[in-house]
Every structure is written in C-alpha cells, then in structure tokens.
Amino acid sequence: MNMHRRVLTLVALVLASVSAARAQARGPAVLPIADAKARVAVEREIARAEARGLPTQPLIAKAMEGVAKQAPGEQIEAAVASMAKRLEQARTLLAPSTSAAELASGAEALRAGVPAAMLKQVRAAWPVERSVVMPLDVLTELVARKIPAKHALEQITALMRRGATPSQIASLGQAVQADVASGLEPDAALEVRARGVMSLLPSPASVAAGAPRGSGKQ
Amino acid sequence: MNEAQDRMIERVRETLRTTPDAAPDPRAVGRLLNTVWESPRPSAWRRLLDAWRVPALSALGASAVAGFALFVGFLTRGALGERLEREPLSATGEFPVQPGATPVMQAAAFAGESAPVLTQFVLDRRDARSVSLVGDFNDWKGGSTPLTRLESGLWTVSVPLAPGRHVYAYLIDGTLVQADPRAPKSDDADYGREGSVVMVFAR
C-alpha cells in the first residue's frame with residue numbers, strides 16, 4: 001500500500017511537472033515592449049484571443065514587429081488589437097478552416113485590402129480538407145501589386161478549380177511580382193502569367209473526371 | 001519482490017533444508033540448480049506490472065526527479081516544440097548556408113508542397129557590423145537569424161521557410177530596420193515602415 005502511494009506520488013509529480021512545462025510553453029510571453037502600460041494591454045489582448053480560440057502566434061509576431069521597428073507602445077497595442085479582429089473575421093469567413101496558418105493568411109489578405117467576401121470564395125473553390133494558405137497569399141500579393149482584387153480572384157479561383165497545385169499558384173504570384181518589378185502593367189502581367197500556368201493544367205474534362213493532382217496540403 | 005520470486009525462494013529454502021551440510025555435493029548442487037531452473041519465469045506483462053509496482057526510487061528520490069523535470073521544462077519552455085515553427089533551423093547550424101549572388105533565391109531543398117523550402121537572403125551592406133533577418137517566420141526576433149559576412153562583403157543566410165508569402169526586413173547593427181533593396185516592398189499600415197516580400201514555394 002505504501003509503495004502504491006509512492007508510485008502515485010511519483011506519477012502525480014511527473015504529470016504536474018509536464019503540465020507546468022506545457023503551461024510555460026503556451027503561457028503569455030513576456031514581450032519586450034518598453035512601455036509597461038502598452039505591454040500589459042498587448043498581453044491582455046493576446047490572452048483574450050487565446051481564450052476565444054484564436055492563434056496567438058500572429059499576434060505575438062505583430063507585437064514583435066512593432067518592437068523591431070521601434071514603434072511607440074500605443075501603436076503596437078493598436079496593431080495587435082486590429083490583427084486580433086482580422087483573425088476573428090478570417091475565422092468566420094474561412095469556416096470550417098481553422099488552421100493557424102490559414103487564419104493568419106486570411107487576416108493578412110484583409111489587411112492588404114482584399115474584400116471580406118472574397119475569402120469565402122477562395123475557401124469555396126477548394127475542398128475543405130485542402131489548405132487555402134497559398135491561394136490567399138497569392139491573392140494578397142497580387143492586390144499588393146495594385147491588381148484589382150476582382151481580377152486577381154477570378155484568375156486564382158479559375159486555377160484552383162482547374163486543379164492547379166499550390167506551387168503552380170505561387171509561381172503565378174512570383175512571376176507577376178517579377179514582371180511588375182521589371183515595369184510591366186500589373187493587369188497585363190497577371191493575364192499573361194495566368195494563361196501560362198493554365199496551359200500546364202489538364203483539360204477541364206479530365207479534372208471533372210477526377211484525375212489526381214498534387215496534394216498541396218499545407 | 002513479487003510472488004513468483006517468493007515462491008522460488010521458498011522452494012530453494014526447502015531444497016537447502018534437505019541438503020547435507022557437507023556440501024558441495026554435486027547432486028545437491030544439481031538439485032539446487034534444477035530448483036532455480038524450474039522456477040516459472042514470469043510473463044512479460046507480469047514483469048512490467050512488477051516494475052510498475054516496485055519503484056526503484058524512494059518518495060524523496062521521486063520528488064527530486066519530478067523537481068528536476070519541472071526545472072528542465074521551465075528552462076526549455078516548449079522550445080523544442082516551437083523551434084520548427086518559429087526559429088529558422090539555419091540559426092542552429094542544422095542547415096547549410098548556401099552563398100549566392102542573387103538577393104533572394106529559393107532552392108527546393110525538400111519535396112512536397114508544404115515542406116519548408118530553403119530560401120537564401122543576401123544583402124549588400126558592406127558598412128554594417130552585424131545583420132540579422134527579421135520577419136513573420138521568426139516572430140521578428142532580432143538576432144535570432146544572423147547573416148554571415150562573406151569575403152566579398154556581402155551578407156547571407158539561408159533559412160527553411162514554409163511555402164507562402166512572407167514579409168521580412170533586415171536588422172542592421174541591432175537597431176536599424178531596413179527593407180531588402182532588391183525585393184518587392186510590402187506596405188506597412190500598422191507601423192509605417194515598409195518591409196520586403198518573398199513568395200516561397202517548392203519548385
């Protein structure tokens with residue numbers, strides 16, 4: 001009996017140490033924000049987001065970006081709060097996707113000026129089990145290069161429906177990026193590059209027949 | 001001790017009781033050895049259960065082990081779990097740095113659409129004393145991804161990045177944030193300091 005008690009004590013202590021270590025890993029990081037008031041507010045915002053089931057890593061990154069850029073405390077506070085709102089919005093729009101990467105990409109798309117309804121359209125273009133990180137990231141990039149969001153969305157969802165892989169969609173984003181940097185009109189660059197990627201894809205008939213494509217899981 | 005061992009000891013004792021004192025008699029030794037040999041070997045499950053029931057540590061020892069585990073857990077604080085997600089592995093020297101001439105060059109180091117892609121960053125800042133890479137992939141932690149200075153004076157580092165769009169900048173001499181002069185820019189509505197963008201994907 002005494003031995004059983006010892007064993008139970010040992011197990012309890014080990015479990016307690018493991019859970020304490022995990023709590024330390026998850027718990028609020030001490031952010032190096034010089035303004036103590038802003039730091040407390042940011043940490044509270046992160047804790048609130050965590051309680052709502054939102055990913056905290058994008059919020060920590062946003063706060064740390066402010067620290068690296070030596071932004072004033074209240075600016076960091078506002079940026080983190082705004083990011084939390086966008087994450088929440090992205091979660092609603094991308095449902096049932098819940099991965100942290102997808103929510104972060106959705107939040108970044110909203111920040112870049114992609115209309116909210118478009119996130120739903122991107123999500124709907126692929127089966128739920130496929131991550132839409134890359135299509136969202138490319139949409140964000142195209143909008144950031146001053147391509148009208150509507151035009152960018154049409155091209156991306158057309159590629160998605162034709163069975164393009166995430167890499168093929170990403171190659172579109174990078175090619176347009178390079179073309180715009182070299183002086184080509186953004187709209188023209190998108191049109192010509194989308195045509196190029198489309199030519200690599202199987203015909204719509206074979207896609208409808210269920211021809212296998214790359215998994216593209218992210 | 002377990003029950004099987006108890007039974008075996010009992011049989012050994014019985015055998016010894018009938019053994020003349022003038023041992024070593026070979027037959028007596030043989031009987032003794034046979035007794036030991038014939039004792040049933042406990043099953044693997046039984047041995048596992050016995051090991052569980054009979055701790056090798058006292059309560060004090062167990063407390064010390066648990067305390068040590070707690071201390072180690074506190075020190076690491078999930079560092080192992082977070083490392084792949086947040087810290088570029090090149091910072092630990094596990095990935096080779098591949099110097100090159102292109103400011104941002106991607107190399108498909110891994111197969112698969114979602115596997116990290118080794119991505120090289122190069123900056124020409126010959127006047128800098130130190131340069132590190134900060135971005136959404138390392139939580140903008142200054143100093144966590146230092147660049148190496150080459151003989152040419154160029155700074156470079158290669159980091160495995162998850163496929164997708166990443167915003168980054170360089171931290172010069174520990175304080176000055178500078179966008180990559182040869183990469184597309186990213187507006188920064190939050191802090192008003194533009195960064196750079198890299199699209200990462202497996203080729």
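Computed over neighbours whose Cβ is under 9 Å from that of A:Val30, the net charge equals 0, Lys and Arg +1, Asp and Glu -1. Computed extension gain for A:Lys146 through A:Gln121, at 0.36 nm per residue and net of the alpha carbon distance, reaches 7.0 nm. Hey, which of these cross-link pairs are over 24 Å Cα-Cα: A:Lys69/B:Lys185; A:Lys62/A:Lys150; A:Lys37/B:Lys141; A:Lys69/A:Lys120; A:Lys37/B:Lys185; A:Lys150/B:Lys141? Beyond 24 Å: A:Lys62/A:Lys150; A:Lys69/A:Lys120; A:Lys37/B:Lys185; A:Lys150/B:Lys141. As a fraction of the 1.4 Å probe accessible area of segment A:82-165, surface on carbon and sulfur atoms comes out at 59 percent. Taking each residue as 0.36 nm, the span from A:Arg161 to A:Ser203 lengthens on full extension beyond its C-alpha to C-alpha distance by 14.0 nm.
Spacing of the modelled spin labels on A:Glu191 and B:Asp187, each 7 Å from Cα toward Cβ, amounts to 2.4 nm.
Peptide B:189-200 has a mean shielding of 6, counted as Cβ atoms of other protein chains within 10 Å of each residue's Cβ. Given their separation in residues at 0.36 nm each and the Cα-Cα distance between them, A:Arg52 and A:Ala100 gain 16.0 nm when the chain is fully extended. Amide H contacts under 5 Å for B:Leu161: B:Val117, B:Leu118, B:Thr119, restricted to partners 5 or more places along the chain or on a different chain, H placed in the peptide plane at 1.01 Å from N. Chains B and A together bury roughly 4100 Å² of accessible area, counting both sides, with a 1.4 Å probe on protein heavy atoms only. For the residues of A:140-149, the average number of beta carbons from a partner chain within 10 Å of their own beta carbon is 2. Determine, at each q value in 0.21 (inverse angstroms), the log₁₀ of I(q)/I(0) that the Debye formula gives when each Cα of segment A:91-199 is one equal point scatterer. Reported log10 I(q)/I(0), two decimals: -1.06. Spin-label model, B:Leu176 to B:Ala64: label points 7 Å out along the Cα-to-beta-carbon direction sit 5.5 nm apart.
Packing, as the average of other Cβ atoms within 10 Å across residues, places the peptides A:193-203, B:114-124 in the order B:114-124, A:193-203, highest first.
Computed from label points 7 Å out along Cα-Cβ, the spacing between A:Arg44 and B:Ala115 is 4.7 nm.
The values are calculated or read from the model by the stated rules, or taken from the named source; none is laboratory data. Being a predicted model, the structure only gives us computed values, none of them experimental. FYI the Cβ positions are ideal-geometry reconstructions off the backbone, even for glycines, and counts take in every protein chain you see. These accessible areas exclude ligands, DNA and RNA; they are computed on the full protein's heavy atoms, side chains included. Shrake-Rupley method; radii C 1.70, N 1.55, O 1.52, S 1.80 Å.
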